[in-house]
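Note sheet for the following structure.
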Amino acid sequence: MGTEPEAAIGTEPKRRALLVWLLLSAITLGYLALDWSVDGHGAYRASTVVTTVAIVAALVKVRFIFREFMRVRNAPVLLCRLTDLWVLLIGAALLGSYFAGMAVH
Amino acid sequence: MTEIARAEQPETAGQPAAVGQPPAGESKPARVVPGQPDMWVLVLFEALAFTAYLGVYLYHRAADNASFLQSQAQLSPWLGTIDTLLLLTSSLFMLRCVQASRAGQVRAAMVNVVVTGLLGVAFLGCKVTEWVRLARAGHGFTSNEFFTYYFFLTGIHFLHLLIGFVTIGVLVYQLRRRERRSQEIVETCAVYWHTVDLLWVLIFSLLYVVR
């Protein structure tokens, strides 16, 4: 126990996980730049573009978490398709709610 | 056949890999559901439930965006970003825990799951810090519509995080003894922890980032 060589995991999965983490972290930090682009250093300002980009970026992150962290990439095709469908469903519901709210009010 | 060997069996089309040994037999791995299928039902249900909460929030936000923006400005985008990075990093370590456990590297798996838990505690600390800061500034659950959604969503997520700590406890319990170790349970616990991360990614985007 604990004496197995580290190389047994393989460097490729570790590197891949690290790259995914870097990408997800970069998108997270990108949010700050996105908000600054519309607010500057002043009061928060409404922006449909920022809202839409934020939601789409969140969905991209969710899909990466499903596929890479939750290992759906190696799961049966049904689970792959189901999680993809879920991401689309979440996106449609969130964007639909936002634009419906704007249209109604 | 030990529990862990049985759990690893679906990974290869041929014979199950021995603990700490590279898989024998055919090189192309079989596709298996990570963890127990029941957990995936829960994950997909939770994702839909949170989507409903967030959809209602967005709908009402669009109706009174100026008021929501004013309240949103009271949040700290930096704390929200740090929270997100903490959970993403915890997910990375949880994945490494699963990889190490699968490779039979129990000590590495244990280290990774402990780091995951510590990052979860750090997230919890950041969240409580923000709640206290907001409460001291006079913002509470009933202050206005934005803060009702804010405290409701972050509060429900907080509960999920606490359940996540229970799964980490189960994971540590599993890893401590070889005879009771089950790779399937390890992966089930990991799937739950990643769900906590996934839900926060959505909450962070909609509470802190949208304009």
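The values are calculated or read from the model by the stated rules, or taken from the named source; none is laboratory data. It should be emphasised that the depicted structure is a prediction, and the values quoted were computed from it without experimental measurement. Using ideal geometry, Cβ is built from the backbone for each residue, glycine included, and neighbour counts are taken over all protein chains shown. For accessibility, only protein heavy atoms count, side chains too; no ligands or nucleic acids. Shrake-Rupley method; radii C 1.70, N 1.55, O 1.52, S 1.80 Å.
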Residues that are of a type outside the set (Val, Ile, Thr) and either open to solvent by less than 70 Å² (accessible area, probe 1.4 Å) or facing another protein chain (nearest Cβ under 7 Å) (or both), drawn from the stretch B:49-63: B:Ala49, B:Phe50, B:Ala52, B:Leu54, B:Gly55, B:Tyr57, B:Leu58, B:Tyr59, B:His60, B:Arg61, B:Ala62, B:Ala63
Selection from the stretch A:86-99 of residues that are touching a residue at least 40 places away in the same chain (Cβ under 8 Å) and more than 7 Å from chain B (Cβ to nearest Cβ): A:Leu95
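Residue-by-condition table, conditions (1) more than 8 Å from chain A (Cβ to nearest Cβ); (2) open to solvent by less than 30 Å² (accessible area, probe 1.4 Å); (3) small (Gly, Ala, Ser):
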{"residue": "B:Gln74", "(1), (2), (3)": "yes, no, no"}
{"residue": "B:Thr84", "(1), (2), (3)": "no, yes, no"}
{"residue": "B:Leu92", "(1), (2), (3)": "no, yes, no"}
{"residue": "B:Gly104", "(1), (2), (3)": "no, yes, yes"}
{"residue": "B:Gly117", "(1), (2), (3)": "yes, yes, yes"}
{"residue": "B:Ala122", "(1), (2), (3)": "yes, no, yes"}
Inspect the stretch A:26-35 for any residue being buried (at least 19 other Cβ atoms within 10 Å of the Cβ), of a type in the set (D, E, K, R) and not in a loop (DSSP other than H, G, I, E, B) and give the result as yes or no. yes
So for the stretch B:124-146 (the condition being within 12 Å of chain A (Cβ to nearest Cβ), assigned to a helix (DSSP H, G or I) and open to solvent by less than 50 Å² (accessible area, probe 1.4 Å)), does at least one residue qualify? yes
With the structure loaded, tell me whether A:Val77 is of a type in the set (Val, Ile, Thr), within 24 Å of B:Val41 (Cβ to Cβ) and open to solvent by 40 Å² or more (accessible area, probe 1.4 Å) or whether it fails that test. yes
Answer yes or no: is there a residue in the stretch B:149-160 that is assigned by TED's automatic domain parsing to the domain that holds B:Leu54, in contact with a Pro (Cβ under 7 Å, 6 or more places away or on another chain) and either assigned to a helix (DSSP H, G or I) or buried (at least 17 other Cβ atoms within 10 Å of the Cβ) (or both). no
Residue among A:Thr51, A:Thr83 that alone is more than 27 Å from B:Thr188 (Cα to Cα) and either in a helix (DSSP H, G or I) or touching a residue at least 12 places away in the same chain (Cβ under 8 Å) (or both): A:Thr51
Before we move on, is B:Leu92 closer than 21 Å to B:His157 by Cβ, modelled with pLDDT under 95 and in the same structural domain as B:Leu153 (by TED's automatic domain parsing)? no
Filtered residues of the stretch B:188-211 (kept if of a type outside the set (A, V, I, L, M, F, W, C) and facing chain A (nearest Cβ under 9 Å)): B:His194, B:Thr195, B:Asp197, B:Ser205, B:Tyr208, B:Arg211
Taking the stretch B:66-75 and keeping residues under 13 Å from A:Ser47 (Cα atoms) and either out of contact with any His (no Cβ under 9 Å at 6 or more places or on another chain) or not assigned by TED's automatic domain parsing to the domain that holds B:Phe151 (or both) leaves B:Ala66, B:Leu69
Any residue at all in the stretch A:86-93 that is exposed (fewer than 14 other Cβ atoms within 10 Å of the Cβ) and under 30 Å from B:Glu184 (Cα atoms)? yes
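Conditions tested, residue by residue: (1) within 17 Å of B:Leu88 (Cα to Cα); (2) hydrophobic (A, V, I, L, M, F, W, C).
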{"site": "B:Lys127", "(1), (2)": "yes, no"}
{"site": "B:Glu130", "(1), (2)": "no, no"}
{"site": "B:Thr148", "(1), (2)": "no, no"}
{"site": "B:Val166", "(1), (2)": "no, yes"}
{"site": "B:Gln183", "(1), (2)": "no, no"}
{"site": "B:Val191", "(1), (2)": "yes, yes"}
{"site": "B:Leu199", "(1), (2)": "yes, yes"}
